[in-house]
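Q: Attaching a single structure in structure tokens format; questions to follow.
The values are calculated or read from the model by the stated rules, or taken from the named source; none is laboratory data. This one's a predicted model, so the numbers in the text were calculated from it and none came from an experiment. Reconstructed Cβ throughout: ideal geometry from the backbone, glycine too, with neighbour counts over all protein chains shown. Calculation scope for accessible area: heavy atoms of the full protein, side chains included, ligands and nucleic acids excluded. Shrake-Rupley method; radii C 1.70, N 1.55, O 1.52, S 1.80 Å.
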Amino acid sequence: LTVVSNEPCAQGLYRAVVSSPELAAALRPGQFVNIRVPHAAQILRVPLSFASADAKAGTIELVYATVGDATRALARMTRGESAPVLGPSGNAWPVEAGQGRSIVVAGGVGIAPVVACARELACQGIPFDAVVGAQTAERLWGADVLADLGAGRVAVTTDDGSAGTRGFATDALRALLARGGYERVYTCGPQVMMAGVARLCHEAGVACLVSMERMMSCAFGACGTCNVSMAAGGYKSCCMDGPVFDAEEVAW
């Protein structure tokens, strides 16, 4: 990939547009890429979800948090710099033409794959509402993007009430589910949030798809660092079996 642009989009978050025509044409919403970042002390690749992939332009939009050496090194990359990338990796969000109204729920940097999901819902003509949760207004990104994509309602929550409603994404989801008429919920964010989303959907009888976050060190199932505990016992790998799972499969 080659960097086209790479700028802060919120506190602790960066938005990068990278050129990689072959990869952009192959990616499906919900999958991820694994980047070997130059000049990073960490030798492992960095697994990142994407917010959009434009096959015609050959570009991919990444939204990522600067949480360690490798992502800080990624944030320092400028236009024209290149890096090796592995992908497409993992499985996509299951979106079926003609399915009923849906809800997308994002927490923190989980907004990236949720925006990609919303794009696919919009492309398929499936109506959807959205919930976006963040710690503060300064760390919030993506609510306006979801509105532009055609979300019927966009509920914003922040821990401190500096944007939207004070509270958690699960509070807003509970209110939407109470209205009824939803067939599926798609979510990505902190595990504690997704566990709450899964519980609310189970209680409401609404299907729930979760994009799990793990350290996917190799991204092709060899290293065993990204195992997800299954409710039926045993484990599945996040990189090969996921990152998207049916919430009922996961041992929360």
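Q: Can you name every residue in the stretch 239-248 that is open to solvent by less than 50 Å² (accessible area, probe 1.4 Å) and part of a strand (DSSP E or B)?
A: Result: Val244, Phe245.
Q: Among the residues of the stretch 84-97, is there at least one that is touching a Ser or Thr at 6+ places or on another chain (Cβ under 7 Å), surrounded by fewer than 17 Cβ atoms within 10 Å (Cβ to Cβ) and small (Gly, Ala, Ser)?
A: Filtering the stretch 84-97 for residues touching a Ser or Thr at 6+ places or on another chain (Cβ under 7 Å) gives 85.
Of the ones still in play, those that are also surrounded by fewer than 17 Cβ atoms within 10 Å (Cβ to Cβ) are none.
No; the residues of the stretch 84-97 include none that is touching a Ser or Thr at 6+ places or on another chain (Cβ under 7 Å), surrounded by fewer than 17 Cβ atoms within 10 Å (Cβ to Cβ) and small (Gly, Ala, Ser).
Q: Here is a further query. Please go through the stretch 210-251 and pick out each residue that is among the aromatic types (Phe, Trp, Tyr) and either touching a residue at least 60 places away in the same chain (Cβ under 8 Å) or within 23 Å of Ala118 (Cβ to Cβ) (or both). Spell out the reasoning first.
A: Narrowing the stretch 210-251 to residues among the aromatic types (Phe, Trp, Tyr): 220, 235, 245.
Those that are among the aromatic types (Phe, Trp, Tyr) and either touching a residue at least 60 places away in the same chain (Cβ under 8 Å) or within 23 Å of Ala118 (Cβ to Cβ) (or both): Phe220, Phe245.
Q: Considering each residue of the stretch 98-121, count those that are open to solvent by 40 Å² or more (accessible area, probe 1.4 Å) and not in a loop (DSSP other than H, G, I, E, B), and give that number. It would help to see each step written out before you state the result.
A: Of the residues in the stretch 98-121, the ones open to solvent by 40 Å² or more (accessible area, probe 1.4 Å) are 98, 101, 109, 119-120.
From what's left, not in a loop (DSSP other than H, G, I, E, B): 109, 119-120.
Number of matching residues: 3.
Q: Just to verify a result, which residue in the stretch 224-238, among those that are more than 20 Å from Pro94 (Cα to Cα) and open to solvent by 60 Å² or more (accessible area, probe 1.4 Å), is modelled with the lowest pLDDT?
A: Taking the stretch 224-238 first, the residues more than 20 Å from Pro94 (Cα to Cα) are 224-227, 229, 231-235.
Adding the requirement that they be open to solvent by 60 Å² or more (accessible area, probe 1.4 Å) leaves 225, 227, 231-232, 235.
Values: Thr225: 89, Asn227: 94, Ala231: 97, Ala232: 97, Tyr235: 95.
Among those residues, the one meeting the criterion is Thr225.
Q: Look at Val197 and say whether it is within 18 Å of Val109 (Cβ to Cβ), free of Cβ contacts under 8 Å to residues at least 12 places away in the same chain and out of contact with any Phe, Trp or Tyr (no Cβ under 6 Å at 6 or more places or on another chain).
A: no
Q: Just the residues that are over 14 Å from Thr71 (Cα atoms), out of contact with any Asp or Glu (no Cβ under 7 Å at 6 or more places or on another chain) and surrounded by 20 or more Cβ atoms within 10 Å (Cβ to Cβ), please, taken from the stretch 33-60. Can you show your working first?
A: If we filter the stretch 33-60 for residues that are over 14 Å from Thr71 (Cα atoms), which is where we start, we get 50-60.
Now drop any that are not out of contact with any Asp or Glu (no Cβ under 7 Å at 6 or more places or on another chain), which leaves 53-60.
Those that are over 14 Å from Thr71 (Cα atoms), out of contact with any Asp or Glu (no Cβ under 7 Å at 6 or more places or on another chain) and surrounded by 20 or more Cβ atoms within 10 Å (Cβ to Cβ): Ala53, Thr59, Ile60.
Q: May I pose another question? Of Ala198, Ala163, Ala151, Ala172, which residue is in contact with a Cys (Cβ under 6 Å, 6 or more places away or on another chain) and open to solvent by less than 30 Å² (accessible area, probe 1.4 Å)?
A: So the residue among Ala198, Ala163, Ala151, Ala172 that is in contact with a Cys (Cβ under 6 Å, 6 or more places away or on another chain) and open to solvent by less than 30 Å² (accessible area, probe 1.4 Å) is Ala198.
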